[in-house]
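Visitor: Here it is, the structure in full.
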Amino acid sequence: MPKSFQTMAAALIASVTLAAPVSARTKAIPAAIAAADRPAADTARDADRKPAALLAFAGIKPGDKVADIIPGGGYFTRIFAKVVGAKGHVYAVVPAALAARAPKAADGVKAIAAEPGYKNVSVSIVPIPTMAPPGSLDVAWTSQNYHDLYNNAPAASAELAAGVFKALKPGGTFIVIDHAAAPGTDDAAAKPLHRIDPAKVKAQVIAAGFVLDGESPVLRNAADMHDKPVFDPALRGHTDQFTLKFRKPKA
């Protein structure tokens, strides 16, 4: 075999080998979204929540250990569980303080964990700093929650960032999705709107030790003027939302 052909063949084999995990990751996300056991109420929200683009941005893949922090009814919990598969795990994390105030806060994800197809989901009702064993998570995710923690007590969202940093593996990813406030909006004005200036999230999470690793525009909405509460009927489900990806340094 000519040397040049050997070189080309070796390069082709290498490229195929490298492409295999990417292919598995690419297939896992649409398969999870298309799963027949997803409730109709969840699938009806897909056009607004754009789970395929968000999970691809986060890099969630088969075998990952993921924390879904303050998961609500478990919209993302179900999708994560299908993507990470039997070799992965999803921690549906309900902060103990939230469960004390709202005893039914974990009911939705408890029901998911009890379903036959979701044995890789566990519900953790714990203080935020103990959400998962230290250094065990590949991805931590919180959607439309950071503003509530910050606006009620900035120390609570700082504790979340610190707890996530501790729980993630070196190189692990923290995804924060939330309703955007106008740049420079103070805390008093942002609280009744249920919004937060993304600059405040960046500053607090970076102070916990993370580096900003990317931003996705997929949930942005330029038509939202940031002056109405997120529950306003004209905006609900269509607010301007930012998606931030932070990474825990490897060293």
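Every number here is computed from the coordinates shown, using simple stated rules; none is lab data. These numbers come from a predicted model, not from an experiment. Quick reminder, even Gly has a Cβ in these numbers, built from the backbone with ideal geometry, and neighbours come from all protein chains shown.
Visitor: Nearest 10 degrees is fine. How inclined is helix 154-167 to the longest principal axis of the chain, computing both from alpha carbons?
Guide: For 154-167 against the chain, the angle is about 20 degrees.
Visitor: How much length, in nm to one decimal, is gained on full extension between A97 and A31, taken as 0.36 nm per residue of separation minus their Cα-Cα distance? Could the numbers behind the result be given before it?
Guide: Values: separation 66, 0.36 × 66 = 23.76 nm, distance 3.50 nm.
Extra length from A97 to A31 when fully extended: 20.3 nm.
Visitor: Show me 62-73, 134-145 ranked by packing, highest mean number of other Cβ atoms within 10 Å first. Intermediate results must be reported in sequence, preceding the final value.
Guide: On the way: 62-73: 22.4, 134-145: 20.8.
Going from most to least packed, we get 62-73, 134-145.
Visitor: With a ≥ b ≥ c taken as the square roots of the eigenvalues of the C-alpha gyration tensor of the range 102-251, please select rounded if a/c is under 1.5 and otherwise prolate if a/b is larger than b/c or oblate if it is not? Spell out each step's value before the answer.
Guide: On the way: a/c = 1.76, a/b = 1.28, b/c = 1.38.
The shape class here is oblate.
Visitor: Now, a different point. Which is farthest toward the positive dipole end of the chain among Y146, V83, P95, measuring Cα position about the Cα centre, with Cβ charges +1 (Lys, Arg) and -1 (Asp, Glu)?
Guide: Ranked along the dipole, the leading option is V83.
Visitor: Further, regarding this structure: Taking a ≥ b ≥ c as the square roots of the eigenvalues of the Cα gyration tensor of the range 31-116, is the shape rounded (a/c under 1.5), prolate (a/b larger than b/c) or oblate? Could the numbers behind the result be given before it?
Guide: Working: a/c = 1.64, a/b = 1.39, b/c = 1.18.
Since a/c reaches 1.5 and a/b is larger than b/c, the shape of the range 31-116 is classed as prolate.
Visitor: Please report the antiparallel percentage of the DSSP beta bridges confined to the chain, to the nearest 5.
Guide: Working: 12 of 33 bridges.
In the chain, approximately 35 percent of DSSP beta bridges are antiparallel ones.
Visitor: In sequence order, what are the phi-derived ³J(HN,Hα) couplings for the range 70-85 according to the Karplus relation 6.51 cos²θ - 1.76 cosθ + 1.60 with θ = phi - 60°, rounded to whole Hz, with x for glycine and proline?
Guide: 6, x, x, x, x, 3, 7, 3, 4, 5, 4, 4, 5, 5, 6, x
Visitor: Spelling out what I want: for every residue of the range 44-54, take phi, set θ = phi - 60°, compute 6.51 cos²θ - 1.76 cosθ + 1.60 (Karplus), and round to whole Hz; glycine and proline get x.
Guide: Calculated HN-Hα couplings, in order: 5, 9, 4, 4, 7, 8, 6, x, 4, 5, 5 Hz.
Visitor: Return the sequence-ordered ³J(HN,Hα) values of the range 111-127 in whole Hz as given by the Karplus equation 6.51 cos²θ - 1.76 cosθ + 1.60 applied to θ = phi - 60°, using x for Gly and Pro.
Guide: Each residue of the range 111-127 in turn: 5, 4, 4, 7, 6, x, x, 10, 5, 8, 10, 10, 9, 10, 9, 9, x Hz.
Visitor: List the trypsin sites (Lys or Arg not before Pro) in the range 175-245 that DSSP assigns to loop (not H, G, I, E or B) and whose Cβ has at most 12 other Cβ atoms within 10 Å. Which are they? Working shown, then result.
Guide: Values: sites: R195, K200, K202, R220, R236, K245; in loops: R195, R220, R236.
Qualifying residues, ordered by number: R236.
Visitor: If you don't mind, there's one more thing I want to ask. Past 23 Å, Cα to Cα: identify those pairs from K169/K202; K104/K200; K50/K104, in the order given.
Guide: Numbers: K169/K202 20 Å; K104/K200 30 Å; K50/K104 27 Å.
Going by Cα-Cα distance, K104/K200; K50/K104 fall outside the 23 Å limit.
Visitor: Just how large is the dipole of the chain about the Cα centre, in debye to the nearest 20, putting +1 at every Lys and Arg Cβ and -1 at every Asp and Glu Cβ?
Guide: On the way: 29 positive and 21 negative charges, 183 e Å.
Here the chain has a charge dipole of around 880 debye.
Visitor: Still on this structure, I have one more. Given points 7 Å out from each Cα along the Cα-Cβ axis, report the K104 to R236 separation in nanometres with one decimal.
Guide: 1.6 nm
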